[in-house]
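The values are calculated or read from the model by the stated rules, or taken from the named source; none is laboratory data. From a predicted model like this one, the values you see are computed outputs, not experimental measurements. Here the Cβ positions follow ideal geometry from the backbone for every residue, glycine too, while neighbour counts run over all protein chains shown.
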Amino acid sequence: MLFRKKAAPAPDRLPRHVAVIMDGNGRWAKRRGLPRTAGHRAGAKTFETISRRANALGIDTMTFYAFSTENWKRPAEEVSALMDLFADYLRRIEQFQKENMRIRFLGDPAPLSDELRDLMRQAQEQSAGFTGTCVNLAINYGGRDEIVHAARQLAGQARDGILTPDAITEATLEQALYTGDCPPVDLLIRPGGEARISNFLLWQSAYAELYFCNTLWPDFGPDDLDRALAWFAARNRRFGGV
Ligand code: IPE
Ligand code: IPE
Ligand code: MG
């Protein structure tokens, strides 16, 4: 065939779990002379576009880093604009649920407002039975915080005689993480030009393929996702073997 389209990655080479560090909103806005919050609004649109694309491709799980345990260091106005964006999105969640996508949240919800926590709980409950892509939104998430939280949970079970220290295995620790039954991260994508993990999914990414690109998150489109997936499909994953 003369005009064959560039081949999409074969379905059996699709990652089961893709994690995305949504970075570069602030710089995107600055380049346009806009306030950082305008960048976050644009980034929220990208989040919706990319989740839809992942769902259309049949990716099992997508985890998006929306707010880290370190992001509280930002100016109060920026933090509150981000919280408003999360709430706005969750108020429109029905639209998203029509597409059969499941939504879950990773992180410690304790410091979030009652209203936001209610919206999160509702969205999670309403979509629990859906069979499309599972979209995890990491809000007030930190990889170290998550491991401490899991350790505390297991220590409590040991104290109560439910679990002996010897019975603590990689599997029991993994179960106690916010991600619970999610498959391990196969592909971690970080747009925005930085080559670091920033405390995201430390345990779950132990064997992830790491994909960094310079595109700022608001400019990251379905084609960029496809490019990352094609790159992933060409990796030789050895997991310590030969
Ligand atoms: C990512 O974009 C969004 C959050 C961390 C909430 P940034 O706000 O970090 O954008 P840059 O890195 O400043 O460009
Ligand atoms: C990581 O981005 C956190 C999120 C995308 C939510 P940051 O912009 O906070 O990361 P650093 O500060 O550059 O490491
Ligand atoms: Mg950043």
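Are any residues in region 58-83 part of a helix (DSSP H, G or I) and farther than 20 Å from V135 by Cβ, and if so, which ones? W72, K73, A76, E77, E78, V79, S80, A81 - these are the residues of region 58-83 that are part of a helix (DSSP H, G or I) and farther than 20 Å from V135 by Cβ.
Mind checking whether some residue in region 8-27 is outside any loop (DSSP other than H, G, I, E, B), out of contact with any helix residue (DSSP H, G or I) (no Cβ under 8 Å at 6 or more places or on another chain) and either modelled with pLDDT under 95 or more than 20 Å from V185 (Cβ to Cβ) (or both)? Checked region 8-27: at least one residue is outside any loop (DSSP other than H, G, I, E, B), out of contact with any helix residue (DSSP H, G or I) (no Cβ under 8 Å at 6 or more places or on another chain) and either modelled with pLDDT under 95 or more than 20 Å from V185 (Cβ to Cβ) (or both). The set of residues in region 190-208 that are without any contact (Cβ under 8 Å) to a residue 60 or more places away in the chain and more than 15 Å from ligand 1 (Cβ to nearest atom) comprises L202, A206, Y207.
For region 205-242, a residue qualifies if it is closer than 25 Å to I139 by Cβ, within 16 Å of ligand 2 (Cβ to nearest atom) and out of contact with any strand residue (DSSP E or B) (no Cβ under 9 Å at 6 or more places or on another chain), and the qualifying residues are T215, L216, P218, D219. Among the residues of region 158-180, those identified as buried (at least 16 other Cβ atoms within 10 Å of the Cβ) and free of Cβ contacts under 8 Å to residues at least 24 places away in the same chain are L163, I168.
Filtered by the rule that a residue be crowded, with 17+ Cβ neighbours inside 10 Å and either charged (D, E, K, R) or away from ligand 2 (no atom under 12 Å from the Cβ) (or both), region 53-66 gives R53, A54, N55, L57, I59, T61, M62.
Do the conditions hold for A76, that is, is it more than 18 Å from M22 (Cα to Cα) and of a type in the set (A, V, I, L, M)? Yes, satisfied.
Within region 9-43, being surrounded by fewer than 21 Cβ atoms within 10 Å (Cβ to Cβ), under 15 Å from G192 (Cβ atoms) and more than 7 Å from ligand 1 (Cβ to nearest atom) holds for K30, R31, A42. Residues of region 214-226 that are surrounded by fewer than 16 Cβ atoms within 10 Å (Cβ to Cβ), without any contact (Cβ under 8 Å) to a residue 60 or more places away in the chain and under 18 Å from the mean Cα position of the chain (by Cα): none at all. Flag not set for L202, criterion: crowded, with 20+ Cβ neighbours inside 10 Å and more than 11 Å from ligand 2 (Cβ to nearest atom).
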